[in-house]
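Have a look at the structure below, then the notes.
The values are calculated or read from the model by the stated rules, or taken from the named source; none is laboratory data. Predicted, not measured: the structure shown is a model, and the values here were computed from it. Here the Cβ is made from the backbone with ideal geometry for all residues, glycine too, and neighbour counts use every protein chain on show. The accessibility values were calculated without ligands, DNA or RNA, using every heavy atom of the protein model including side chains. Shrake-Rupley method; radii C 1.70, N 1.55, O 1.52, S 1.80 Å.
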Amino acid sequence: MPDSASKLALRISRRLAQHAYKEMLPLCADIGVVSFTFDDAPASACEAGARTLERHGARGTFYVAGGLTGSLEEGKPCHTRDHLLALLAAGHELGCHSYSHIRCDTLTAPELERELDRNAAFLAEFGVDSATLDFAYPFGAYAYNAKRICSKRFRSSRITGGGAHEDYADLNALKTHRLYDIAVDAEDYETLLERTSRQKGWLIVNTHDVENPPSRYGTTPERLERAIAAALAAGCKVLPVNAAIDYWQQYANAADA
Ligand SMILES: [Zn+2]
């Protein structure tokens, strides 16, 4: 664990990062968007999570750390290579989540670059294009240097928590609502969804496993089902992260023209 001096340095670094290396994406479309994302891509997310989205004609983004492929995470099976192939074949998106599933805020620049190179090479084996890769910080742990490096490498980088986006989204620090079994965010999903629908904003949801009972960081298939159905009933589009960025950019470009 970092000592208290380095914890303070990390807090300052994160605060600085909130205001640096921003890439503001204007959110000016006719209707709002909800994106469902699955960190670590546990086997249950690749199966029940993916199926639940597909039943609604929707797709999700799965943030993959190659070092977890074929392994157990906290006693639960993570994804296999076959899961990743099946997700891509069904039209879901794979994003980067570092290779070793490691906190990126305490790595040196060369250590972080090596992690990201290694996972890009892993995902390239599945045909994932590193030029349009989206990233999610493991444990949501970002800082000034990590944001500088990730802003150059990824189409977007996602943190954890923070709520919904209205008017603009910082592509280098996309916020989420955590759809976890044990609530951790101040506002609940339904409140954020209502505002996203009204303001035509972008709500990114993140969770982990999708099973019954879930881990504290996961959710049940029934809860996920209700969340997707509610998003569609509220008139929002349900799009994975890369497709959502395409959608917003199309409107931004049309406004510029
Ligand atoms: Zn993770």
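Values as computed for the structure displayed
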{"quantity": "Selection status of residue 98, modelled with pLDDT of 95 or more, open to solvent by less than 50 Å² (accessible area, probe 1.4 Å) and over 17 Å from residue 65 (Cβ atoms)", "calculated": "no"}
{"quantity": "Elements of type strands (runs of 3 or more DSSP E) contained in the range 20-123, each with 3 or more residues being farther than 18 Å from residue 178 by Cβ", "calculated": "24-26, 93-96"}
{"quantity": "Single match in 233, 186, 229 (criterion: at pLDDT below 95, surrounded by fewer than 17 Cβ atoms within 10 Å (Cβ to Cβ) and among the hydrophobic types (A, V, I, L, M, F, W, C))", "calculated": "186"}
{"quantity": "Test set (1) open to solvent by less than 40 Å² (accessible area, probe 1.4 Å); (2) touching a Ser or Thr at 6+ places or on another chain (Cβ under 9 Å) - residue 215 fails condition number", "calculated": "(2)"}
{"quantity": "Strands (runs of 3 or more DSSP E) within the range 124-178 that include 2 or more residues open to solvent by less than 20 Å² (accessible area, probe 1.4 Å) and within 16 Å of the ligand (Cβ to nearest atom)", "calculated": "134-136, 156-162, 174-178"}
{"quantity": "Selection status of residue 25, surrounded by fewer than 24 Cβ atoms within 10 Å (Cβ to Cβ), touching a residue at least 12 places away in the same chain (Cβ under 8 Å), more than 16 Å from the ligand (Cβ to nearest atom) and not hydroxyl-bearing (Ser, Thr, Tyr)", "calculated": "yes"}
{"quantity": "Search result, residues across the range 71-99 that are away from the ligand (no atom under 16 Å from the Cβ) and at positive phi", "calculated": "91"}
{"quantity": "Sole exception among (1) under 18 Å from residue 60 (Cβ atoms); (2) within 16 Å of the ligand (Cβ to nearest atom); (3) among the β-branched types (Val, Ile, Thr) for residue 184, by number", "calculated": "(1)"}
{"quantity": "Selection status of residue 220, farther than 24 Å from residue 76 by Cα, of a type in the set (Val, Ile, Thr), surrounded by fewer than 22 Cβ atoms within 10 Å (Cβ to Cβ) and without any contact (Cβ under 8 Å) to a residue 40 or more places away in the chain", "calculated": "no"}
{"quantity": "Hits in the range 147-158 - residues which are out of contact with any helix residue (DSSP H, G or I) (no Cβ under 6 Å at 6 or more places or on another chain), touching a residue at least 60 places away in the same chain (Cβ under 8 Å) and not hydroxyl-bearing (Ser, Thr, Tyr)", "calculated": "148, 158"}
